[in-house]
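S.K.: Submitted below is the structure of interest, expressed as structure tokens.
The values are calculated or read from the model by the stated rules, or taken from the named source; none is laboratory data. The structure displayed is predicted, hence computed values, not measured ones. A quick note on method: Cβ atoms are made from the backbone with ideal geometry, for glycine too, and the neighbour counts reach across all protein chains shown. Areas reflect the complete protein model, heavy atoms only, side chains present, ligands, DNA and RNA absent. Shrake-Rupley method; radii C 1.70, N 1.55, O 1.52, S 1.80 Å.
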Amino acid sequence: MDSAFDWIAVHNYAAYAVLPLLLMAGIVGLPIPDETLLVFYGALIARGVLRPEIAGIVALGGSWCGITISYLLGRTLGIGFVHRFGKSFHLTEERLARVHQWFDRLGHWALFVGYFIAGVRHFTAIVAGTSRLEYRSFAMYAYSGGALWVASFLTLGYFVGDNWRQIDQLVHRYILYGSLVLIAAVALYLIWWRPWKKA
């Protein structure tokens, strides 16, 4: 990836076209370090290599396109998968309706904060599409979450400047730790709290 960063730093005009494509692919699920890219682009803005308004717009467009593709995959292929193979995986229409109800109550926030949790961005969008969450509700939370995510990491890169590599490693470490804690908390809730509440 270092060679790609070097190329982007030199070909600054092409960098505007590369960023949205890479972010879009990463959010859909390909192994691309999205946060690292944004922090690096923020550092390039600080150096004066890139213009902040253009970098922000193309980054936002890439993140929104990626999350929308994931939602549409869930909305089209996901529903077909449930109808065709759902019984084999104990996925029934009733359970899908429950997921939809959960998204109506709380799932919107999973779309909003999912950008900041390792491995969750594309998954929440796919589940939202599969559960037939209305596009308006999806867009409101997913796009605002994407805007906050892009702004946060571009700003971080801008302020750390040439120290972006060291800071990026710390950020990834804390995102991983935070994600593990959150996943463990959700698992404990599903295993312990919900059965106790029903009893």
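S.K.: ILE175 passes all but one of (1) at pLDDT below 65; (2) under 18 Å from CYS65 (Cβ atoms); which number fails?
M.R.: Every listed condition holds for ILE175 apart from (2).
S.K.: Which one of the conditions (1) modelled with pLDDT of 70 or more; (2) open to solvent by 40 Å² or more (accessible area, probe 1.4 Å) does THR92 fail to meet, given that it meets all the rest?
M.R.: (1)
S.K.: Now, a different point. Name every residue in the stretch 34-56 that is surrounded by fewer than 19 Cβ atoms within 10 Å (Cβ to Cβ) and without any contact (Cβ under 8 Å) to a residue 60 or more places away in the chain, in order of residue number.
M.R.: GLY48, VAL49, ARG51, GLU53, ILE54
S.K.: Tell me which residues, restricted to the stretch 121-164, are within 17 Å of ILE67 (Cα to Cα) and among the small types (Gly, Ala, Ser).
M.R.: Matches in the stretch 121-164: ALA125, ALA128, GLY129, SER131, SER137, ALA139, ALA142, SER144, GLY145, GLY146, ALA147, ALA151.
S.K.: Which residue is modelled with the lowest pLDDT, if the candidates are limited to the stretch 113-141 and must be touching a Phe, Trp or Tyr at 6+ places or on another chain (Cβ under 7 Å) and within 23 Å of TYR41 (Cα to Cα)?
M.R.: Per the stated criteria, the residue is ARG121.
S.K.: When the residues of the stretch 21-33 are filtered to those that are modelled with pLDDT under 90 and among the small types (Gly, Ala, Ser), which remaining residue is most open to solvent (accessible area, probe 1.4 Å)?
M.R.: Restricting attention to the stretch 21-33, the residues satisfying the condition of being modelled with pLDDT under 90 are 26-33.
Keeping just the survivors that are among the small types (Gly, Ala, Ser) gives 26, 29.
Numbers: GLY26: 9, GLY29: 43 Å².
Result: GLY29.
S.K.: Additional query: For GLY86, all conditions in the list (1) open to solvent by less than 10 Å² (accessible area, probe 1.4 Å); (2) under 17 Å from the mean Cα position of the chain (by Cα); (3) at pLDDT below 75 hold save one; what is the number of the exception?
M.R.: It is condition (2) that GLY86 fails.
S.K.: Further question: Please pick out the residue among TRP102, TRP109, TRP64 that is modelled with pLDDT of 85 or more and either open to solvent by less than 70 Å² (accessible area, probe 1.4 Å) or not charged (D, E, K, R) (or both).
M.R.: TRP64
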